[in-house]
1. Within the stretch 140-182, which residues are under 17 Å from ARG118 (Cβ atoms), under 21 Å from the mean Cα position of the chain (by Cα) and not aliphatic (A, V, I, L, M)?
2. Please go through the stretch 238-266 and pick out each residue that is outside any helix (DSSP H, G or I) and either farther than 18 Å from PRO209 by Cα or of a type in the set (A, V, I, L, M, F, W, C) (or both).
3. Is there a residue in the stretch 259-274 that is under 27 Å from ALA197 (Cα atoms), out of contact with any strand residue (DSSP E or B) (no Cβ under 9 Å at 6 or more places or on another chain) and charged (D, E, K, R)?
4. Need at least 3 residues that are within 25 Å of LEU219 (Cβ to Cβ) and out of contact with any His (no Cβ under 8 Å at 6 or more places or on another chain) per element, so show me which helices (runs of 4 or more DSSP H) inside the stretch 106-200 make the cut, counting only ones lying wholly within it.
5. Can you tell me how many residues in the stretch 321-345 are assigned to a helix (DSSP H, G or I) and either surrounded by fewer than 17 Cβ atoms within 10 Å (Cβ to Cβ) or of a type in the set (A, V, I, L, M, F, W, C) (or both)?
6. Restricting to the stretch 201-215, name every residue that is free of Cβ contacts under 8 Å to residues at least 24 places away in the same chain and assigned to a helix (DSSP H, G or I).
7. ILE96 - would you say it is more than 23 Å from ALA167 (Cα to Cα) and surrounded by 21 or more Cβ atoms within 10 Å (Cβ to Cβ)?
Amino acid sequence: MNRLDVFFFLFLVVFFLWFGLSAYVVLNRLLHDFRVRALCKAQTGLGASTALTRLSPERSRALHGILARLPRRVIYRITADVSQPQWVSQALSAQILSRWGLPRVLKEAAGQDGGSDRWRRISALSVLTRIHNPRIHELLRQALAEKDRNIAAAAVVLLGKLQDEKAAEILILALREEWYTPSRIATQLDNFATPVAKLLLPLLVDPQPHMRYWAVALLSRYRGFDYLAALLALLVGDPDASVRKAVAQTLGIIGGREAVSGALKLLDDPVDFVRANAARALGNLAQVKLAGSVTPLLADREWRVRLAAREALVDMGPAVRHDVTAQLTSPDDFARDGAAEVLMAIQSPRVRKQLTGAPQWNYRPLTRTSIGKTRRKVEGEVKDSLPRFGFDLSNSKFS
């Protein structure tokens, strides 16, 4: 074979590869366009807000006639999308059950069909969830324990759609066994319309720290639950810092006398983010009488704690002026600077918004130059009020 033959052979190989790839792309595009046109026709003819159960027999037959022309793979992939409108989900579920039957759908949902198509399994689980099949909890529990992250993710979402106590128990089990991302599981539990507090309360004494953390965090939505604040206050001495942080956050939401005493104890926590959240909790609870316990945190060694103390004092309002003003003569530079900022903020809505309006993760420690400027601005405004509280400015420095 001479050189010309080799080049010709390579040209044919490249040409057929290019032709095959182009044909694959074109065919997939045509399939996509066909699916979109079919769904648009169904939506135009029936209206996206129309429930399948309220359709007339004629319109229902028209809808199923459109869906009957879709191939099995397409209809399964569409069904796997849990964000579909209700009328689409119901129509697709009915179509799958009528064309392939419940026994086959159950087999596919259990992963026993011998195939490896995860989307077919997710679609089958979605169909069984919508019709509340008696075996759906067992099948979703099995799917949630799968190593396939896509199947596990779908199981978490579908359990959240069931909204019953048994589904909540499975999600809590998944949280304990760490079958999937804990925050995603907790989100589904937090969105439950059915109260699940009685399932979460035993977790407060769970030996695993991450279970105690999520139990405390999820209980924050049950503000009217009797003795909840007292139970959470018992965890202020928890050995895990993340649990103590969650306790501070939840106490600041649910309120109550026990919540105040618990947050007050956490102000002296050895971990900085726990002290910060305890200060914010007292600010959320508007505990003006405890402002004197928060002001020492203006001199904390960690900037996030000093920031939280400023926010808490600002949230408490002008009534904290006396306690904050006392910090202007503190030997600590940070305490004096923080006190000046708070005094500016509680009398200026614009400064208050700048100090407390941004999301927590956007906060940055202020530079010493900007703090010094703020303190010099407030000097003239608070200097006249200091003699009333017995302070002497003759030896104080404001630069």
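1. Result: ARG149, ASN150, TRP179, TYR180.
2. GLY255, GLY256
3. Start the filter on the stretch 259-274 by keeping residues that are under 27 Å from ALA197 (Cα atoms), which leaves 259-266, 273-274.
Checking the rest, the ones that are also out of contact with any strand residue (DSSP E or B) (no Cβ under 9 Å at 6 or more places or on another chain) come to 259-266, 273-274.
Checking the rest, the ones that are also charged (D, E, K, R) come to 265.
Yes: one or more hits.
4. Numbers: elements: 118-130, 136-144, 149-162, 165-177, 182-190, 197-200.
Of the helices (runs of 4 or more DSSP H) lying wholly inside the stretch 106-200, those with at least 3 residues that are within 25 Å of LEU219 (Cβ to Cβ) and out of contact with any His (no Cβ under 8 Å at 6 or more places or on another chain) span 136-144, 149-162, 165-177, 182-190, 197-200.
5. Here the count works out to 14.
6. Within the stretch 201-215, PRO202, VAL205, ALA215 qualify.
7. Working: more than 23 Å from ALA167 (Cα to Cα): yes; surrounded by 21 or more Cβ atoms within 10 Å (Cβ to Cβ): yes.
Criteria met by ILE96.
No lab work stands behind these numbers, since they all come straight from the coordinates. Given the structure is predicted, the values throughout are model-derived calculations rather than measurements. All Cβ positions, even for glycine, are placed from backbone atoms using ideal geometry, and neighbour counts span all protein chains on display.
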